[in-house]
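Participant: Sharing a structure below in structure tokens format, with a few things to ask.
The values are calculated or read from the model by the stated rules, or taken from the named source; none is laboratory data. These figures come from a predicted structure and were not determined experimentally. Quick reminder, even Gly has a Cβ in these numbers, built from the backbone with ideal geometry, and neighbours come from all protein chains shown.
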Amino acid sequence: MASTPAGTSEYDRFGPWIDEVRSIHDVPRLYRDHPLDPGAARLVLKVPRNIARRDATPDMDLYDHLLVVDETGLTVLSRRARHEPGDRPTSNPRGYETREIPFPDVVAVRDTVDLLDGRLTVHTRTGDEVSLRYNGSARDSVRRLVDELRAAAAAATPSAVGLGLLQAAALWGTTSADLDLGRDDQSLVSDVRDAARHLDTLTPWAWHGRLRVARRASGAARVGARAWDALAPTTLQGIVLAGDTVALEAFSRHEAVLRSTKPVHSSSRLMVPLSAPDRLTLEAHPGLEGVVVATLAAGAASFELVVREGSGAHLLLDAAADSHRHSDPAAAAP
């Protein structure tokens, strides 16, 4: 990944791409007063504003975020929105907000792209989130950031839930050679294999392809529900659960359930360090038949995995939850 050539202004370099910051000269001027040694950091990225090149001017602050991964955690510098006319550069430290997240507080990272609309969200143990938008064409840079946060969790010990997931994967997991989600979900297979090329320990554990599902109803309401399902079909999107001794990863779409039978071209990657979750529960989907919602909780944060009942993904998650219940008396209590 190239850095900004020396002598090139922010305006000249500005575009939809996310650039790596390799030297202090690459740091956007808005963030220059922040103490930073790019050479000592594991990764530094600058995220441009989501505006067209023709709308940019030389006097604008053109980068919404500076993302710094060092030896202790993630620092996010975010441009404050201005309300005065124009968008003038400033050296005032209040021109941006600073958020520091130590590695142990990172309990999940979700990266989604729908066409060119990308969103990266870092979830913390307190339930807070740091979320930023980016142009989907720059997703490879975001992948590097997710992989760095993932690598930082390698030294942590898996929680009881994490161990349950590993045990379930050993019992119920299959091999990557068997990974087949059907014609409409080939892009999900490609997402998994692309991630595995950068993480050679990552292995697909369980999955299912997309399928049409029915709304949950009984009695007289069931007839109306089936009529509505015929007019506005509901599709549960495909999902691949993968992992290794460091993290659970879920590859799916930007939404798990959509009112359409047409192929979906979005993509989602959820990375949960195995040291993070302290609870795993499964319940029937309240509104859809044959669908199960698995909830992973880490402190005040929680994440849902929506899977087909009876699928390999369901069996793996259920086995992990069962293993946790048996190993933790508190989890087994009613």
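Participant: Among the residues of segment 91-149, write down those that are over 20 Å from ASN50 (Cβ atoms), at pLDDT 95 or above, among the charged types (D, E, K, R) and over 16 Å from the mean Cα position of the chain (by Cα).
Facilitator: The one that is over 20 Å from ASN50 (Cβ atoms), at pLDDT 95 or above, among the charged types (D, E, K, R) and over 16 Å from the mean Cα position of the chain (by Cα): GLU100.
Participant: Quick one: in segment 20-35, which of the residues that are in contact (Cβ under 8 Å) with a residue 40 or more places away in the chain and outside any loop (DSSP other than H, G, I, E, B) is surrounded by the most Cβ atoms within 10 Å (Cβ to Cβ)?
Facilitator: LEU30
Participant: Which of the residues spanning segment 113-166 are among the small types (Gly, Ala, Ser) and closer than 15 Å to ALA247 by Cβ?
Facilitator: Answer for segment 113-166, where residues must be among the small types (Gly, Ala, Ser) and closer than 15 Å to ALA247 by Cβ: ALA151, ALA152, ALA153, ALA154, ALA155, ALA156, SER159, GLY162, GLY164.
For every residue, the table says whether it meets (1) modelled with pLDDT of 95 or more; (2) over 15 Å from TYR96 (Cα atoms); (3) among the hydroxyl-bearing types (Ser, Thr, Tyr); (4) not in a strand (DSSP E or B).
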residue	(1), (2), (3), (4)
ASP37	no, yes, no, yes
VAL44	yes, yes, no, no
PRO58	no, yes, no, yes
ASP61	no, no, no, yes
THR75	yes, no, yes, no
HIS83	no, no, no, yes
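Participant: Follow-up. Just to be sure, is THR72 exposed (fewer than 14 other Cβ atoms within 10 Å of the Cβ), farther than 29 Å from ALA155 by Cβ, in the same structural domain as ASP140 (by TED's automatic domain parsing) and out of contact with any Asp or Glu (no Cβ under 6 Å at 6 or more places or on another chain)?
Facilitator: So THR72 fails the test.
Participant: Something else: Do any strands (runs of 3 or more DSSP E) lying entirely in segment 95-169 carry at least 3 residues that are under 24 Å from GLU255 (Cβ atoms) and either among the basic types (Lys, Arg) or touching a residue at least 40 places away in the same chain (Cβ under 8 Å) (or both), and which ones are they?
Facilitator: It comes to 106-114, 117-124, 129-135.
Participant: Looking at segment 108-161 only, could you name the residues that are β-branched (Val, Ile, Thr), out of contact with any Leu (no Cβ under 7 Å at 6 or more places or on another chain) and more than 16 Å from LEU270 (Cα to Cα)?
Facilitator: Answer for segment 108-161, where residues must be β-branched (Val, Ile, Thr), out of contact with any Leu (no Cβ under 7 Å at 6 or more places or on another chain) and more than 16 Å from LEU270 (Cα to Cα): THR126, THR157.
Condition check ((1) crowded, with 18+ Cβ neighbours inside 10 Å; (2) within 19 Å of ILE101 (Cβ to Cβ)) across all residues:
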| position | (1), (2) |
| --- | --- |
| HIS123 | yes, yes |
| THR126 | no, yes |
| GLU129 | no, yes |
| LEU132 | no, yes |
| LEU145 | yes, yes |
| ARG150 | yes, yes |
| ALA154 | no, yes |
| THR157 | no, no |
| GLY162 | yes, no |
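Participant: How many residues does segment 252-281 contain that are in contact with a strand residue (DSSP E or B) (Cβ under 7 Å, 6 or more places away or on another chain), within 25 Å of ARG212 (Cβ to Cβ) and either hydrophobic (A, V, I, L, M, F, W, C) or free of Cβ contacts under 8 Å to residues at least 12 places away in the same chain (or both)?
Facilitator: Summing the residues that are in contact with a strand residue (DSSP E or B) (Cβ under 7 Å, 6 or more places away or on another chain), within 25 Å of ARG212 (Cβ to Cβ) and either hydrophobic (A, V, I, L, M, F, W, C) or free of Cβ contacts under 8 Å to residues at least 12 places away in the same chain (or both) in segment 252-281 gives 5.
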